[in-house]
Structure formats: C-alpha cells, structure tokens
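J.: Have a look at this one.
The values are calculated or read from the model by the stated rules, or taken from the named source; none is laboratory data. Keep in mind that what you see is a predicted model, and the values were worked out from it rather than measured. We place every Cβ from the backbone using ideal geometry, glycine too, and count neighbours over all the protein chains shown.
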Amino acid sequence: MIKAVKQKEAEAKILVDTIVEAIQDIKGKDIVILDLTHLENSVTEYFIVCSGDSNTQVDGIASSVVRKTREKLKEKPWHQEGLNNSEWVLLDYVNIVVHVFYRDIREFYNLEDLWADAKRTDIPNLD
C-alpha cells in the first residue's frame with residue numbers, strides 16, 4: 001500500500017514538472033502550484049495557475065501543456081474548457097487541474113486567495 005502511494009506521488013510530481021516546463025516553453029508568467037493534498041474534501045490534488053499576456057499566448061500555453069504531456073508522458077486531459085475565447089483555459093488531468101488565465105481575468109477570479117489554505121509554490125518567471 002505504501003509503495004503504491006509513493007508511486008502515485010512520484011507520478012503526480014512528474015506530471016506537475018512536465019506541465020510547468022510546458023508553460024515555461026511559451027513564456028507563461030507567474031506560475032503557482034497549489035498543493036491541495038492535505039485539505040479535506042478538495043476537488044483535486046494540485047492546481048497549477050499561470051498567466052498569459054494575450055489570448056493567443058493563453059491558447060499557446062494550453063496547447064503546449066497538452067502536447068508536452070501527451071508526447072512525454074502519454075497523458076491527456078480528461079476535460080478541457082475555455083478554448084473558444086482563451087481568457088481562462090482549464091485543463092483537467094483529474095489529480096492536477098491547470099488554469100491558464102489572461103492576466104486581467106486571473107486578477108478578477110483570484111484563485112490563489114480562494115485556495116489560500118493550500119501549500120503554495122511560486123515558480124520564478126523565465127525572462
């Protein structure tokens with residue numbers, strides 16, 4: 001049982017790292033990982049939140065995440081939303097949910113404050 005839990009944690013870490021790498025490939029900004037694993041009744045284990053400076057960049061980041069997780073890990077999102085207007089794209093990998101925001105929309109919804117009890121990891125921007 002413990003071995004299975006450790007394997008699941010390792011797989012989640014690899015997926016998180018791959019998603020962050022895919023976001024950075026398209027110069028996604030202000031990447032935040034919210035670890036929800038210790039919260040009771042959380043909807044998932046991790047949120048990964050980032051921003052793009054335009055609808056085109058938001059779409060590019062989302063496409064990069066889907067492409068890289070498929071190519072590298074043979075993973076694909078269980079569900080996708082927001083690709084029509086690319087202001088807030090959600091990629092649901094079940095245990096990990098990726099939120100790619102247009103900057104102003106991210107500020108409005110402020111997910112990081114809504115999930116303030118989560119363990120937060122800020123990833124430095126690559127400039």
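J.: When you go through (1) among the small types (Gly, Ala, Ser); (2) touching a strand residue (DSSP E or B) at 6+ places or on another chain (Cβ under 6 Å); (3) in a loop (DSSP other than H, G, I, E, B) one by one for residue 116, which number turns out not to apply?
T.: The single condition residue 116 does not satisfy is (2).
J.: Hey, another quick one. Which residue out of 27, 68, 72, 13 is out of contact with any strand residue (DSSP E or B) (no Cβ under 7 Å at 6 or more places or on another chain) and free of Cβ contacts under 8 Å to residues at least 12 places away in the same chain?
T.: Numbers: 27 fails: free of Cβ contacts under 8 Å to residues at least 12 places away in the same chain; 68 fails: free of Cβ contacts under 8 Å to residues at least 12 places away in the same chain; 72 fails: free of Cβ contacts under 8 Å to residues at least 12 places away in the same chain.
Within the list 27, 68, 72, 13, the selection yields 13.
J.: Here is a list: 63, 86. Which entry is on the phi > 0 side of the Ramachandran plot and not aliphatic (A, V, I, L, M)? Before you say what the answer is, go through the steps one by one.
T.: Numbers: 63 fails: on the phi > 0 side of the Ramachandran plot.
Result of the check over 63, 86: 86.
J.: Hey, can you tell me all the residues within the stretch 76-125 that are over 14 Å from residue 57 (Cβ atoms) and among the aliphatic types (A, V, I, L, M)?
T.: Once the filter is applied, which keeps residues that are over 14 Å from residue 57 (Cβ atoms) and among the aliphatic types (A, V, I, L, M), the stretch 76-125 yields 90, 91, 94, 96, 97, 98, 111, 114, 116, 118, 123.
J.: Would you kindly identify the strands (runs of 3 or more DSSP E) lying entirely within the stretch 1-109 that contain at least 2 residues that are surrounded by fewer than 16 Cβ atoms within 10 Å (Cβ to Cβ)?
T.: Working: elements: 29-35, 46-52, 79-81, 88-92, 96-102.
Hits in the stretch 1-109: 79-81.
J.: Let me ask something else. Among the listed residues 92, 53, which satisfies the condition of being within 11 Å of the chain's Cα centre (by Cα) and of a type in the set (D, E, K, R)?
T.: Working: 53 fails: within 11 Å of the chain's Cα centre (by Cα).
That would be 92, the only listed residue that is within 11 Å of the chain's Cα centre (by Cα) and of a type in the set (D, E, K, R).
J.: Could you say which residue among 65, 43 is of a type in the set (A, V, I, L, M, F, W, C), at pLDDT 95 or above and either within 25 Å of residue 6 (Cα to Cα) or in contact with a Leu (Cβ under 6 Å, 6 or more places away or on another chain) (or both)?
T.: Numbers: 43 fails: at pLDDT 95 or above.
Of the residues listed, the single one that is of a type in the set (A, V, I, L, M, F, W, C), at pLDDT 95 or above and either within 25 Å of residue 6 (Cα to Cα) or in contact with a Leu (Cβ under 6 Å, 6 or more places away or on another chain) (or both) is 65.
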